[in-house]
Amino acid sequence: QTPAVKKTTGTTTTIGTTTTGDSPQNPVITNQPTPISTAQLVGTWKIIGNMISSGGPMYFVPTTGDNKVEFKSDGSMSGSAFPDFVSYGLKTDNITVAMTKADVSNYQNYICQISNDTLTMSPSAPAVCVEGCEIKLVKQ
């Protein structure tokens with residue numbers, strides 16, 4: 001395996017890896033986010049925008065609001081960014097955050113990546129984005 005995508009912002013972080021498929025001309029790209037910890041997630045995060053796609057490459061759309069979410073160390077959460085959700089937990093894969101509503105029957109999973117002070121969240125279940133989408137937040 002060799003690094004497929006690198007992002008440089010002071011330090012270099014491997015975002016995904018390339019593995020050889022049936023030939024070197026047909027590599028298989030896997031996009032495996034770097035595991036995160038609850039300690040990294042705890043704090044207040046402000047939405048700065050969304051990465052969206054209408055069938056082509058994703059592009060950034062900045063937000064005009066001041067929506068924030070606070071992930072607390074006890075597993076509770078608050079704020080205007082996800083107003084219907086009251087608790088969260090990091091799943092055992094260390095990349096999926098499960099957010100739950102007060103009635104605990106409704107939830108949403110997000111695949112998360114943290115790079116420096118930026119949190120990227122992509123819905124993974126039950127709601128997903130067929131074309132690709134992500135929420136971008138910065139730590140306050």
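Among the criteria (1) touching a Pro at 6+ places or on another chain (Cβ under 9 Å); (2) loosely packed, with under 14 Cβ neighbours inside 10 Å, the one Asn116 does not fulfil is (1).
Residues in region 91-101 include at least one that is closer than 14 Å to Pro35 by Cα, open to solvent by less than 50 Å² (accessible area, probe 1.4 Å), in contact (Cβ under 8 Å) with a residue 60 or more places away in the chain and part of a loop (DSSP other than H, G, I, E, B). Yes or no: region 68-89 includes at least one residue that is surrounded by fewer than 18 Cβ atoms within 10 Å (Cβ to Cβ) and closer than 19 Å to Thr34 by Cα. Yes, region 68-89 has at least one match. State yes or no: is Asp22 open to solvent by 60 Å² or more (accessible area, probe 1.4 Å), charged (D, E, K, R) and at pLDDT 55 or above? So Asp22 fails the test.
The values are calculated or read from the model by the stated rules, or taken from the named source; none is laboratory data. What you are looking at is a predicted structure, and each value in this text was computed from that prediction instead of being measured. Cβ coordinates were reconstructed from backbone atoms using ideal geometry, including for glycine residues, and neighbour counts include every protein chain displayed. Just the protein is used for accessible areas: all its heavy atoms, side chains included, with ligands, DNA and RNA removed. Shrake-Rupley method; radii C 1.70, N 1.55, O 1.52, S 1.80 Å.
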